[in-house]
Ligand SMILES: Cc1ncc(COP(=O)(O)O)c(C=O)c1O
């Protein structure tokens, strides 16, 4: 044997296999010797995985398989057949090929998700029998290959990403750091230790590209992950659009939204550092219920300051938090200095997210065994949410799609951030030309009308200054029903991407958003959270544009949560009692003038 040959890539049919589909004795002996001398044998075939893998068994090798004429390379027993290269024919081109073959009466093998399909055509079926005999391939005969369509694109548990993606490693510049209000200098780890565990502080500032997801967190993720990517065929039909609309369904988590993706991770890192109790604030209750769920799993106590008006308006979210063992208080309370001060001044205060944050932070810093947890805005929260985008990327690949538009609603920016961030490097590299579209309410239009300035993250001014598009921390947004979108600022990472014009933003009024929500519920069946309905409204508008231009664009949005606990808002919608709030221009102007004067914004 020529010593220079290190690797043999061998085709099967007509090469390694004889006319009986067998490897001859002589060939087996030669290949065995080659192997023993350190040579690598790789099988490369047009066949599907199973029909190649059997010959690896015969040759006693476990090298990667090259299948589908090079369209896919995957590991075998090692790492459970992990796909390491995949370049499928996009579905839209497949349809053209299918058309051509059917018209010319060619028999066609059609592989989708590693399953073989063929047209149920009696005059052509004998070719299937021949191929089946030769390769062992099992056919699924269907009536019309052209309408081959899966409603859901599912991944299996072994496909759950095992690391979160950190965009800080790949940004072309540096995002402006958080500033300590007392020193005017960037915040240091020790400043954050009274409120967060070290594990999360490290993630907040890390520039590592991939951060491994601990096994304990992955095990909990398996309760609902991977989440489905669903093709909204019925919505497409209703809109009569040539666009293909997909949604990533994050509402299937136990708490009903994307929020547990970070709640579980945060509870875990607190738990392993010996923290006994977590505090947080919640508005409409999605975040509170996610943290209650996560604390229950890791045996932590959980104290939730729920904005008083929601505490009374949304009793069932409160009940859900109780089921998972959390203590829920209507904020302002008389348990903290911040709460007592508000109650003294205004005993009937309905509360606000800002007040609730102040109470939760005060509770954490005044108890040694307690830390505080935030459900959005911060870098580590967006990091945990990248699991959403990473899965979506794999699912779109399976569907043979490159997204033209990726859409998500924005409160603090965590679901949208986590959804788009894994796609951002591909846009920087010119591999995709995707429009990233952030959607917010006109009643709280931080990205579309705010200024890119340093501001406090909370209303009371307890947090560091964050550089973000803000409406001013003292701005109290009108009481729209998308409580989770009533935040004066946005995640610094997201704001930086908007500032650099990588991300576009749009704002919608409440009634139009509920129209879209009801359209979605009537066509696709699931009742969206009012927050999520903002993304749906934008997806519908993009699809209508396609109808006008005839463009067959691929529109994908993040379905951040269901609206089963928001049913009273839907009642008001049907009673015609929902209000649209004007953009509060004068009020925002006033609060922004104050922010502009802060020394941190004078530099
Ligand atoms: C269902 C749902 N979607 C979206 C949001 C907005 O938050 P974020 O921008 O952090 O994803 C919330 C916040 O509570 C929510 O409950």
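Output the number of the condition that residue 134 fails; it satisfies all remaining conditions of (1) touching a helix residue (DSSP H, G or I) at 6+ places or on another chain (Cβ under 8 Å); (2) at negative phi.
Condition (1) is where residue 134 drops out.
Checking residue 66 against (1) crowded, with 17+ Cβ neighbours inside 10 Å; (2) part of a loop (DSSP other than H, G, I, E, B); (3) touching a residue at least 24 places away in the same chain (Cβ under 8 Å); (4) within 33 Å of the chain's Cα centre (by Cα), only one condition comes out false. Which one?
The single condition residue 66 does not satisfy is (2).
Does region 36-47 include one or more residues that are assigned to a helix (DSSP H, G or I) and at pLDDT 85 or above? Can you show your working first?
The initial filter retains those residues of region 36-47 that are assigned to a helix (DSSP H, G or I), namely 36.
From the residues that got through so far, the ones that are at pLDDT 85 or above too are 36.
Yes, region 36-47 has at least one match.
Would you tally the residues in region 492-529 being assigned to a loop (DSSP other than H, G, I, E, B) and either outside the structural domain of residue 482 (by TED's automatic domain parsing) or away from the ligand (no atom under 16 Å from the Cβ) (or both)? Outline the logic, then answer.
Looking only at region 492-529, we keep the residues that are assigned to a loop (DSSP other than H, G, I, E, B), and these are 500-502, 509, 525-527, 529.
Next cut, either outside the structural domain of residue 482 (by TED's automatic domain parsing) or away from the ligand (no atom under 16 Å from the Cβ) (or both) only: 500-502, 509, 525.
Of the residues in region 492-529, 5 are assigned to a loop (DSSP other than H, G, I, E, B) and either outside the structural domain of residue 482 (by TED's automatic domain parsing) or away from the ligand (no atom under 16 Å from the Cβ) (or both).
Hey, any hits in region 379-401 for a residue that's over 30 Å from residue 89 (Cα atoms) and part of a loop (DSSP other than H, G, I, E, B)?
no
Being away from the ligand (no atom under 13 Å from the Cβ), buried (at least 21 other Cβ atoms within 10 Å of the Cβ), at pLDDT 95 or above and assigned to a helix (DSSP H, G or I), is that true of even one residue in region 460-481?
Within region 460-481 (the criterion being away from the ligand (no atom under 13 Å from the Cβ), buried (at least 21 other Cβ atoms within 10 Å of the Cβ), at pLDDT 95 or above and assigned to a helix (DSSP H, G or I)), the answer is no, since none of the residues qualifies.
What number of residues in region 133-169 are in a helix (DSSP H, G or I) and buried (at least 17 other Cβ atoms within 10 Å of the Cβ)?
We begin by selecting, within region 133-169, every residue in a helix (DSSP H, G or I); these are 133-135, 145-147, 157-159, 167-169.
Add one more test, that the residue is buried (at least 17 other Cβ atoms within 10 Å of the Cβ), and what stays is 135, 145, 159, 167-168.
Residues flagged as in a helix (DSSP H, G or I) and buried (at least 17 other Cβ atoms within 10 Å of the Cβ) within region 133-169 amount to 5.
Of the conditions (1) more than 16 Å from the ligand (Cβ to nearest atom); (2) without any contact (Cβ under 8 Å) to a residue 60 or more places away in the chain; (3) on the phi < 0 side of the Ramachandran plot; (4) assigned to a loop (DSSP other than H, G, I, E, B), residue 444 clears all except one; give me its number.
Among (1) more than 16 Å from the ligand (Cβ to nearest atom); (2) without any contact (Cβ under 8 Å) to a residue 60 or more places away in the chain; (3) on the phi < 0 side of the Ramachandran plot; (4) assigned to a loop (DSSP other than H, G, I, E, B), residue 444 violates only (1).
May I ask you to list the residues in region 267-309 that are within 15 Å of residue 327 (Cα to Cα), outside any loop (DSSP other than H, G, I, E, B) and away from the ligand (no atom under 16 Å from the Cβ)?
Matches in region 267-309: 277, 278, 279, 295, 296, 301, 302, 303, 308.
Is region 389-402 home to any residue that is within 12 Å of the ligand (Cβ to nearest atom) and at pLDDT below 95? First the steps, then the outcome.
Step one: list which residues in region 389-402 are within 12 Å of the ligand (Cβ to nearest atom), which gives none.
Within region 389-402 (the criterion being within 12 Å of the ligand (Cβ to nearest atom) and at pLDDT below 95), the answer is no, since none of the residues qualifies.
Could you list all residues from region 30-62 that are in contact with a helix residue (DSSP H, G or I) (Cβ under 7 Å, 6 or more places away or on another chain) and without any contact (Cβ under 8 Å) to a residue 24 or more places away in the chain?
Residue satisfying the conditions is 62 alone.
Among the residues of region 326-354, how many are in a loop (DSSP other than H, G, I, E, B) and without any contact (Cβ under 8 Å) to a residue 60 or more places away in the chain? First the steps, then the outcome.
Within region 326-354, the subset in a loop (DSSP other than H, G, I, E, B) is 326, 332-336, 346-352.
Adding the requirement that they be without any contact (Cβ under 8 Å) to a residue 60 or more places away in the chain leaves 326, 332-336, 346-351.
Matching residues across region 326-354 total 12.
What do you reckon, is residue 75 assigned by TED's automatic domain parsing to the domain that holds residue 15 and in contact with a strand residue (DSSP E or B) (Cβ under 6 Å, 6 or more places away or on another chain)? Give the derivation first.
On the way: assigned by TED's automatic domain parsing to the domain that holds residue 15: yes; in contact with a strand residue (DSSP E or B) (Cβ under 6 Å, 6 or more places away or on another chain): no.
No.
Would you check if there is a residue in region 221-228 being without any contact (Cβ under 8 Å) to a residue 60 or more places away in the chain and farther than 28 Å from residue 542 by Cα?
yes
Taking residue 298, is it surrounded by fewer than 22 Cβ atoms within 10 Å (Cβ to Cβ), at pLDDT 95 or above and out of contact with any strand residue (DSSP E or B) (no Cβ under 7 Å at 6 or more places or on another chain)? Break it down into steps so the answer makes sense when it comes.
On the way: surrounded by fewer than 22 Cβ atoms within 10 Å (Cβ to Cβ): yes; at pLDDT 95 or above: yes; out of contact with any strand residue (DSSP E or B) (no Cβ under 7 Å at 6 or more places or on another chain): yes.
For residue 298, the condition - surrounded by fewer than 22 Cβ atoms within 10 Å (Cβ to Cβ), at pLDDT 95 or above and out of contact with any strand residue (DSSP E or B) (no Cβ under 7 Å at 6 or more places or on another chain) - is met.
Taking the condition more than 10 Å from the ligand (Cβ to nearest atom), under 15 Å from residue 247 (Cβ atoms) and in contact (Cβ under 8 Å) with a residue 40 or more places away in the chain, does residue 383 pass? Walk me through it before giving the result.
On the way: more than 10 Å from the ligand (Cβ to nearest atom): yes; under 15 Å from residue 247 (Cβ atoms): no; in contact (Cβ under 8 Å) with a residue 40 or more places away in the chain: yes.
No: the conditions fail for residue 383.
The values are calculated or read from the model by the stated rules, or taken from the named source; none is laboratory data. Computed from a predicted structure; not experimentally measured. Quick reminder, even Gly has a Cβ in these numbers, built from the backbone with ideal geometry, and neighbours come from all protein chains shown.
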